[in-house]
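Written out below as structure tokens is the structure these notes cover.
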Amino acid sequence: MGRIVDIAEKAGVSSKTVSRVINGHPNISAKTRWKVEEAIRALSYEPRSAGSGRNRGSNRAVGVFFGDPSAGFQVCIYRALLRACQTSDHFLAVEAFRESGNDWSSQVAAFLDRSQVRKIVLVPPLCDSYEIQNLLKERDVRFALISPSRPVSGVQAIAMDDRRAAMEMTQHLLGLGHRRIGYLDGRPGHVATLLRRQGFEEAYAVAGLPAPDESLILRADFSFRTALDRARTLLEREDRPTAIFASNDEMAAAALFVANHLGLSVPEDLSVSGFDGAEISRTVWPELTTIAQPFDEMAERAIEQIIDPVDAYGRDPGVRVLSHQLIIRASTGPAPA
């Protein structure tokens, strides 16, 4: 059986063009379609979807699960996946997911039975569930992982370096003269929580400074509401921090809100930085210094992995790490004297 790359070479086109012909993409010239179909016949290629008995709609659908669709990270990746699906002539099938439950596999199985979706993108924390990964493999569902904590055998993954990004943000604050930096930690069980905390602490070690004050590190669960309380705890101390690094933008926005309520000027009295590059980082005032995740590229790469008819389990597994960007805005400045 010929592979996509063999068909592309024989037809003199790209693998992406072959994939589009096989998937029935409308924007293919008659000449190109004829060349690809001739190469397919010559190589006796049979797409996996042929004879599957599933309708065209389910073959065009890409499933994704969201526990909190209002969260900044999930909103950003949701939009990026929508754009990537539109570009590739697919559509997004979104399912609400209860992260707090202990029935993750049954939730996924019910969605697959109901929707007949055969392609899935898993985002944190589902991307780290071996149980769900095994279920998808058993069901012969093609899937890609976004931001997993580790490589998974036979599965392609896309991520950014959260640890390095958090270290760069902390180095930015240290470079401005801040030494007492409050840190708002994320939700336990999320790999991003662990890696961003590691990067924050590592920046102090790289700078040759004592470890950060543990009393200035508070868990806020990536939640705006929880961060309001934690930021107030930090800023009502007599020895309050001169900067707060929140490990997502929602928590950073909460810190800005509390600072304003307490009459603190940002960044003159307090610097605040976030993480993710979510929409809220540009709508608060002052705009947030943040780490911008490559959401569009993450989504594009994930969609490419699962719509290509070549058997994904025949590829070399690994995590493709994409570049992030430190965006410095008006919410950070030199430490007060």
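If Gly177 meets every condition in (1) touching a His at 6+ places or on another chain (Cβ under 6 Å); (2) assigned to a loop (DSSP other than H, G, I, E, B) apart from one, which number is that one?
The failed condition is (1).
Name the one entry in Asp162, Asp213, Asp185, Asp239 that is of a type outside the set (Lys, Arg), surrounded by fewer than 16 Cβ atoms within 10 Å (Cβ to Cβ) and touching a strand residue (DSSP E or B) at 6+ places or on another chain (Cβ under 9 Å).
On the way: Asp162 fails: surrounded by fewer than 16 Cβ atoms within 10 Å (Cβ to Cβ); Asp185 fails: surrounded by fewer than 16 Cβ atoms within 10 Å (Cβ to Cβ); Asp239 fails: touching a strand residue (DSSP E or B) at 6+ places or on another chain (Cβ under 9 Å).
That would be Asp213, the only listed residue that is of a type outside the set (Lys, Arg), surrounded by fewer than 16 Cβ atoms within 10 Å (Cβ to Cβ) and touching a strand residue (DSSP E or B) at 6+ places or on another chain (Cβ under 9 Å).
Identify, from the list Ala299, Ala255, Ala246, Ala220, the residue that is in the same structural domain as Val141 (by TED's automatic domain parsing), small (Gly, Ala, Ser), surrounded by 24 or more Cβ atoms within 10 Å (Cβ to Cβ) and touching a helix residue (DSSP H, G or I) at 6+ places or on another chain (Cβ under 9 Å). Working first, answer last.
Values: Ala255 fails: in the same structural domain as Val141 (by TED's automatic domain parsing); Ala246 fails: in the same structural domain as Val141 (by TED's automatic domain parsing); Ala220 fails: in the same structural domain as Val141 (by TED's automatic domain parsing).
None of the other options fit; the residue is Ala299.
Please go through the stretch 148-174 and give me each residue that is in a strand (DSSP E or B) and aliphatic (A, V, I, L, M), ordered by number. Break it down stepwise before answering.
Start the filter on the stretch 148-174 by keeping residues that are in a strand (DSSP E or B), which leaves 152, 155-160.
Once the filter is applied, which keeps residues that are in a strand (DSSP E or B) and aliphatic (A, V, I, L, M), the stretch 148-174 yields Val152, Val155, Ala157, Ile158, Ala159, Met160.
Of the conditions (1) under 30 Å from Val258 (Cβ atoms); (2) crowded, with 19+ Cβ neighbours inside 10 Å; (3) not small (Gly, Ala, Ser), Arg179 fails just one. Which one is it?
For Arg179, the failing item is (2).
Among the residues of the stretch 246-254, is any among the charged types (D, E, K, R) and not in a loop (DSSP other than H, G, I, E, B)? Let's see the steps before the verdict.
Taking the stretch 246-254 first, the residues among the charged types (D, E, K, R) are 249-250.
Of the ones still in play, those that are also not in a loop (DSSP other than H, G, I, E, B) are 249-250.
Yes, there is a match, as at least one residue in the stretch 246-254 is among the charged types (D, E, K, R) and not in a loop (DSSP other than H, G, I, E, B).
Could you say whether any residue in the stretch 231-245 is aromatic (Phe, Trp, Tyr), more than 21 Å from Leu194 (Cβ to Cβ) and under 30 Å from the mean Cα position of the chain (by Cα)? Lay out the reasoning, then the answer.
In the first step, residues of the stretch 231-245 are kept if they are aromatic (Phe, Trp, Tyr); the result is 245.
Then drop every residue that is not more than 21 Å from Leu194 (Cβ to Cβ), which leaves none.
Scanning the stretch 231-245, I find no residue that is aromatic (Phe, Trp, Tyr), more than 21 Å from Leu194 (Cβ to Cβ) and under 30 Å from the mean Cα position of the chain (by Cα), so the answer is no.
Can you find a residue that is of a type in the set (S, T, N, Q), under 17 Å from Ala165 (Cβ atoms) and either surrounded by fewer than 24 Cβ atoms within 10 Å (Cβ to Cβ) or in contact with a strand residue (DSSP E or B) (Cβ under 8 Å, 6 or more places away or on another chain) (or both) anywhere in the stretch 260-282?
Within the stretch 260-282, the first condition is being of a type in the set (S, T, N, Q), and the residues that meet it are 260, 265, 271, 273, 281.
Applying the additional criterion that residues be under 17 Å from Ala165 (Cβ atoms) yields 273, 281.
Imposing the further condition that a residue be either surrounded by fewer than 24 Cβ atoms within 10 Å (Cβ to Cβ) or in contact with a strand residue (DSSP E or B) (Cβ under 8 Å, 6 or more places away or on another chain) (or both) reduces the set to 273, 281.
Looking for residues that are of a type in the set (S, T, N, Q), under 17 Å from Ala165 (Cβ atoms) and either surrounded by fewer than 24 Cβ atoms within 10 Å (Cβ to Cβ) or in contact with a strand residue (DSSP E or B) (Cβ under 8 Å, 6 or more places away or on another chain) (or both), one finds at least one in the stretch 260-282, hence yes.
For the stretch 98-112, name all the residues that are hydrophobic (A, V, I, L, M, F, W, C) and crowded, with 16+ Cβ neighbours inside 10 Å.
Applying the first criterion (hydrophobic (A, V, I, L, M, F, W, C)) to the stretch 98-112 yields 104, 108-112.
Across the stretch 98-112, the qualifying residues are Trp104, Val108, Ala109, Phe111, Leu112.
Does the stretch 274-285 contain at least one residue that is under 15 Å from Tyr183 (Cβ atoms) and assigned by TED's automatic domain parsing to the domain that holds His172?
Within the stretch 274-285, the first condition is being under 15 Å from Tyr183 (Cβ atoms), and the residues that meet it are 274-275.
Next, from what is left, pick out any that are assigned by TED's automatic domain parsing to the domain that holds His172: 274-275.
So far as the stretch 274-285 goes, yes, one or more of its residues are under 15 Å from Tyr183 (Cβ atoms) and assigned by TED's automatic domain parsing to the domain that holds His172.
The values are calculated or read from the model by the stated rules, or taken from the named source; none is laboratory data. Predicted, not measured: the structure shown is a model, and the values here were computed from it. As a convention, Cβ positions derive from the backbone with ideal geometry for all residues, glycine included, and neighbour counts pool all protein chains shown.
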